[in-house]
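Colleague: The structure's right below; bear with me while I get my questions together.
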Amino acid sequence: MKKSVKIRLVVMAHPDDPELACGGTIAKWTEQGDEVYYIIVSCGEKGTWDRDVSPFNVAETREKEANEAAKYLGVKKVIFLRHPDGNIGLANTLKLEIAALIRKLKPHTIVTHDPWRRHFHPDHRATGFIVIDAIMIARDWHFYPFLREIGLEPHRADELLLTPSDNPTFINDISKTLDRKIKAIRIHKSQLGQLPNWEQRIKKMAETVGETSGFKYGEGFFQMRI
Ligand SMILES: [Zn+2]
């Protein structure tokens, strides 16, 4: 019997977050034939230490890098919402944007930042909470009736995966795809200078996370049913 194709939606704050957080899992999903989509909330235009470069140029570069890394991992489409970097917090409009896209894409799985994790970038925390609220708007009938008028019927995803998490409940074995995760991260050239020893750190973290489940390398998620 042919395995059914699952739609996986990864909603993250910045252009390099999907690969950094769960590139090994994304590679695994596309290799097994699943359709993966990204929603990137901000273009990360403040993500540079170079005082002389314009944020507009940074945004443009980072969108290109995101598209390229996603293409390398076999992702179907990257949707950029272009909210301001470092200031993600237009909660109601952003919730509605994400809810509308969930209704349109009808994902089985939604992945986002774990907003309850300690030591966190404010955009990651904000995005995590906003995505959780958007899932409810997408799921329940009486939220924003105009969505149904424009053809976006309620959609209930099966699972929400929060990553990285301080208390993962599900470890995915990425021993076979760690290499592709690292290659995908390397495509985000503009960011590598700001991530000292990133390759070592990513490997070490994958090792530590994988170890708990007997895998060489792993990525951890806090799994919630929706
Ligand atoms: Zn980020």
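Colleague: Tally up the residues in the stretch 1-53 that are free of Cβ contacts under 8 Å to residues at least 24 places away in the same chain and aromatic (Phe, Trp, Tyr), please.
Modeller: Counting residues in the stretch 1-53 that are free of Cβ contacts under 8 Å to residues at least 24 places away in the same chain and aromatic (Phe, Trp, Tyr) gives 1.
Colleague: Looking at (1) within 14 Å of the ligand (Cβ to nearest atom); (2) closer than 22 Å to Gln223 by Cβ; (3) charged (D, E, K, R), which one does Arg62 not meet, given that it meets all the others?
Modeller: (2)
For every residue, the table says whether it meets (1) among the basic types (Lys, Arg); (2) more than 18 Å from Ile26 (Cα to Cα).
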site	(1), (2)
Ser42	no, yes
Lys71	yes, no
Ile98	no, yes
Val111	no, no
Arg117	yes, yes
Asp123	no, yes
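Colleague: Among the residues of the stretch 200-226, which ones are over 30 Å from Arg156 (Cβ atoms) and not basic (Lys, Arg)? Please lay out each step first, then the result.
Modeller: First pass over the stretch 200-226, keeping only residues over 30 Å from Arg156 (Cβ atoms): 200-208, 210-212, 214-217.
The answer is Gln200, Ile202, Met205, Ala206, Glu207, Thr208, Gly210, Glu211, Thr212, Gly214, Phe215, Tyr217.
Colleague: Next question, about the same structure. When you go through (1) modelled with pLDDT under 95; (2) surrounded by fewer than 21 Cβ atoms within 10 Å (Cβ to Cβ) one by one for Gly47, which number turns out not to apply?
Modeller: Only one criterion is unmet by Gly47, namely (2).
Colleague: When you go through (1) more than 15 Å from the chain's Cα centre (by Cα); (2) within 23 Å of Thr127 (Cα to Cα); (3) more than 16 Å from the ligand (Cβ to nearest atom); (4) touching a residue at least 60 places away in the same chain (Cβ under 8 Å) one by one for Phe56, which number turns out not to apply?
Modeller: It fails just one condition, (4).
Colleague: Among the residues of the stretch 102-119, how many are crowded, with 19+ Cβ neighbours inside 10 Å and either part of a loop (DSSP other than H, G, I, E, B) or within 16 Å of the ligand (Cβ to nearest atom) (or both)?
Modeller: Count: 5.
Colleague: Given the residues Ala70, Ala66, which is the only one that is touching a residue at least 12 places away in the same chain (Cβ under 8 Å), small (Gly, Ala, Ser) and under 29 Å from Arg225 (Cβ atoms)?
Modeller: Ala70
Colleague: Scan the stretch 14-33 residue by residue and report those that are hydrophobic (A, V, I, L, M, F, W, C) and within 16 Å of the ligand (Cβ to nearest atom).
Modeller: Leu20, Ala21, Cys22, Ile26
Colleague: Starting from the stretch 83-96, take each residue that is of a type in the set (A, V, I, L, M) and list its partners that are exposed (fewer than 15 other Cβ atoms within 10 Å of the Cβ), counting only C-beta distances under 9 angstrom and pairs at least six apart or across chains.
Modeller: Listed pairs, sorted by first residue: Ile88/Pro122.
Colleague: Right, another one. Being under 16 Å from the mean Cα position of the chain (by Cα) and without any contact (Cβ under 8 Å) to a residue 24 or more places away in the chain, is that true of even one residue in the stretch 142-161?
Modeller: No - not one qualifying residue is present in the stretch 142-161.
Colleague: In addition: Within the stretch 31-74, which residues are touching a His at 6+ places or on another chain (Cβ under 8 Å) and more than 30 Å from Val5 (Cα to Cα)?
Modeller: Across the stretch 31-74, the qualifying residues are Gly44, Gly47.
Colleague: Any idea which of Pro122, Pro168 is out of contact with any Lys or Arg (no Cβ under 7 Å at 6 or more places or on another chain) and buried (at least 18 other Cβ atoms within 10 Å of the Cβ)?
Modeller: The unique qualifying residue is Pro168.
The values are calculated or read from the model by the stated rules, or taken from the named source; none is laboratory data. Nothing here was measured: the structure is a model prediction, and the numbers come from that model. Cβ coordinates were reconstructed from backbone atoms using ideal geometry, including for glycine residues, and neighbour counts include every protein chain displayed.
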